[in-house]
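What follows is calculated from the coordinates using simple rules that are stated; it is not laboratory data. What you see is a predicted model; the values in this text were computed from it and never measured. Methodologically, a virtual Cβ is constructed for each residue, glycine included, from the backbone with ideal geometry; neighbour enumeration extends over all protein chains shown.
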């Protein structure tokens with residue numbers, strides 16, 4: 001069964017993707033919960049219109065995205081982590097923790113998918129991250145991991 005996803009579904013796909021799922025999963029979970037619709041001809045036409053509207057709305061927000069990236073560009077985000085005496089942190093720092101710290105320190109709501117980490121961060125130190133809110137609004141900033 002082919003369905004159109006109405007929300008981001010992790011490993012299954014992103015919003016507006018057409019994916020192949022098992023019949024029971026589509027009929028009994030995705031469609032009743034409002035997470036997907038059947039990928040038939042009328043729904044595919046609606047999908048094209050919906051994508052066009054969302055693209056236009058996002059294009060209208062490009063200036064807002066650029067202002068957010070300009071506010072972050074060159075800034076240093078400090079995150080407190082628990083670490084051993086050698087500087088190796090317990091666990092690792094991920095995009096979710098970075099987004100929470102951005103919200104607390106800069107009062108910016110950025111989706112976690114828009115934050116790109118260069119590698120897995122497992123030691124105290126300074127790292128560069130990329131924030132890409134739009135194709136025309138990208139920037140880099142530094143995060144500094146400090147031992148608590």
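Would you order 92, 86 from fewest to most other beta-carbon atoms within 10 Å of each residue's own beta-carbon?
86, 92
Of the residues 100, 138, 45, which exhibits the maximal mean-square fluctuation in a Gaussian network model of the chain defined by a 10 Å Cα contact cut-off?
Maximum fluctuation in the GNM of the chain, among the listed residues, is at 45.
Tell me, in nm to one decimal, what length is gained between residue 43 and residue 75 on full extension, where the rule is 0.36 nm per residue of separation less the Cα-Cα distance?
Length difference between fully extended and current span is 7.1 nm.
I need the Debye-formula profile for the chain: one equal scatterer per C-alpha, no solvent, reported as log10 I(q)/I(0) at q = 0.09, 0.13, 0.15, 0.18 1/Å, two decimals.
-0.42, -0.76, -0.88, -1.01
With each label point set 7 Å from Cα along the Cα-Cβ vector, what nm distance links residue 117 and residue 28?
3.6 nm
Using the alpha-carbon atoms, what tilt in degrees (0 to 90, nearest 10) does helix 41-60 show relative to the longest principal axis of the chain?
30 degrees
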